[in-house]
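Here is the structure we will look at.
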Amino acid sequence: MKKKSTDAIWQEIRSEALADAETEPLLASFLHATILNHNSLENALGFSLANKLASATLQPITLMELICLALSGSASVRAAIRADLKAVRDRDPACRGYSTPLLYFKGFHALQSYRVANWLWEHGRQTLAIAIQNRVSEVFAVDIHPAARIGKGILLDHATGIVIGETAVVGNNVSILHQVTLGGTGKERGDRHPKIGNGVLISANATILGNVRIGEGAKIGAGSVVLTDIPPHCTAVGVPAKRCGQPHTRSPALDMNHGVNDGADGSDAFLDTGHYI
């Protein structure tokens, strides 16, 4: 007798896929191939990533074996996958369930591909890790160096144009929007990329350069250029970025509120313009 899975998220994904296959018969074959024919979240994710990242010289079957090896070989990676899925479902109002990011959101796909490349990097297979990074940048327009250290519960919202450098560190429960760069400032080697604390929200088109620290629970406004440390629980906006108040909550990444209290009349100025209004 086949043992029933105790993975609650995977069971919910399967339930969503069954419902979608019934209401949209045109997608039934696709949903069976990508979800319902698999016995675990790791296998389903491996199948999807392998088919998206495959090329003339990287065959889907070989890639799937490699990806599943990485995903099944680390309990921390398996936990991160589920925390990332929950982050997307909870923070993105366009997300209608766990199956949506698993199947359709390239920010989630790019992040899990990074986790595979990072596992390879940590196991001494740097050349293959770089090859995976290259395919991720070509397919998803997201460039994350496999040596970067990224926590769990991460949302890469829209994701196009995100760049994260080799020595960057991103904490847990961080939300990053499209066109964000966590980069260096020149040709120097060594520890040269930003360190992002837990619960940080980085809005669209923000650029953070150098070995600077963004404190826990900080918020970075859209279009801002950050060149110096930002203390915990502060909001920074502008070019160059300057402190201009503090977020409404301790972890702005979780509520995704891009406004900031101006300290005068209690109204919100919005950060998505890239300026503090």
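The values are calculated or read from the model by the stated rules, or taken from the named source; none is laboratory data. These numbers were taken from a predicted model, which means no experiment stands behind them. In this analysis, Cβ positions are derived from the backbone assuming ideal geometry, glycine residues included, and neighbour counts consider all displayed protein chains.
A few notes on this one:
- Only residues that are touching a residue at least 40 places away in the same chain (Cβ under 8 Å) and more than 15 Å from the chain's Cα centre (by Cα) were counted across region 186-215, and they come to 3.
- The lone exception for Ala17 - which of (1) more than 21 Å from the chain's Cα centre (by Cα); (2) surrounded by fewer than 20 Cβ atoms within 10 Å (Cβ to Cβ) it fails: (2)
- Unmet requirement for Ala253, which otherwise passes all of (1) modelled with pLDDT of 90 or more; (2) at positive phi; (3) not aromatic (Phe, Trp, Tyr): (2)
- Any hit, region 43-65, residues being hydroxyl-bearing (Ser, Thr, Tyr), part of a helix (DSSP H, G or I) and in contact with a His (Cβ under 9 Å, 6 or more places away or on another chain): yes
- The number of residues in region 104-144 that are more than 16 Å from Leu156 (Cα to Cα) and of a type in the set (A, V, I, L, M, F, W, C) comes to 10.
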